[in-house]
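Colleague: Take a look at this one; I'll ask things after.
Every number in this text was worked out from the coordinates using simple rules, so none of it is lab data. Since the structure is predicted, the reported quantities are computational estimates derived from the model, not experimental observations. In this analysis, Cβ positions are derived from the backbone assuming ideal geometry, glycine residues included, and neighbour counts consider all displayed protein chains.
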Amino acid sequence: MTSEATMQQAPQAWKYCYWLDRERFETLRMELAVQGKDMRRAEKNPCEAFLADIGCAGPECWPVICKFDARPWFEASAFKDKTLVISSKPLGAAYEDCLETAITPVTFKPGRMPGRAAREELISEPEFLKRKPDAWDRFPRDMGQQIVNGLARMGPRTPKNWDDLFLSWTSVHANFVSPRFRADDETAAPYSIGDSLSISSCCVELFNLLGSCEKALLVRPCTGAAILQALERDRYYLVRLVKNTKRAFA
């Protein structure tokens, strides 16, 4: 089977994602203040930073709504204690070394999706087991079942129990760590192997918490990002890992 993708890119990406330490974030904040600009600060969900021309999410944001799913990946990443800044325009040469990903919505249709056996194989891959934070497996089961019950009211094809939903969540991340499902196009990018109602913590890929060696990823928003309307439900976004491609997005 083949996949279809439209990857013709505009001169600019849709969003540019930076990781700044405390000192550089404060410098940026003061520079913007001089220009009469302010950043939208995410309060409960890091994806809130998508909802403005320029937004930010500090370390204090991750333990609120995303305490049990995204937070373990954030705290295990190279960006722990840093602030995420998402901008509709490049911040300029002074921050180029902090630019991690550039995100553009694309037209993409995956050629295939895995069944249960393939998902179980993905989550058993040695590299994924090595990279997966221990806290990921400690998601509260009662909370997970509440999520399942809520999803049942949002669509007829949602997972029916917590074990199935958690398998889907986990295998989505696993395919980006040890890819078996890639786009059949020039990007050869790993893609999200589920729809938005069966995905959690898409921020792991959007902001490269994985520290991936891939040049690009094809990422669908998770349930939370779709509900927040930070990203379009079920749409794929091409995430260019800027430092891996050695390209400037200007």
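Colleague: Which of these, 197, 228, 210, has the largest mean-square fluctuation under a Gaussian network model of the chain (Cα springs below 10 Å)?
Modeller: Residue with maximal mean-square fluctuation among 197, 228, 210: 228.
Colleague: Could you please state, rounded to a whole Å, how far the C-alpha centre of region 141-203 is from the C-alpha centre of region 95-130?
Modeller: Here the answer is 10 Å between Cα centres.
Colleague: Let me ask something else. Using only the C-alpha atoms of region 15-102, find the volume of their convex hull and express it per residue in Å³.
Modeller: It is 87 Å³ per residue.
Colleague: What's the lysine pair count for region 15-102 at a Cα cut-off below 18 Å, pairs eight or more apart or interchain?
Modeller: 8
Colleague: Please report the projected area of the chain's Cα convex hull averaged over all directions, in nm².
Modeller: Approximately 13.0 nm², given one-decimal rounding.
Colleague: On the first, second and third principal axes, largest extent first, how far apart are the outermost C-alpha atoms of region 105-244 in Å?
Modeller: Principal extents (Cα only, largest first): 40, 32, 25 Å.
Colleague: Then there is this: Okay, which of region 83-126 sit inside 20 Å, backbone N to the point 7 Å along the Cα-Cβ direction of residue 180?
Modeller: Correct set: 110-126.
Colleague: Net charge near residue 104, counting Lys/Arg +1 and Asp/Glu -1 over other residues with Cβ under 9 Å of its Cβ?
Modeller: +2
Colleague: Another question, then. Under a point spin-label approximation (7 Å from Cα along Cα-to-Cβ), what is the residue 12-residue 160 distance to one decimal in nm?
Modeller: Each label point is offset 7 Å from its Cα along the Cβ direction, giving 4.9 nm.
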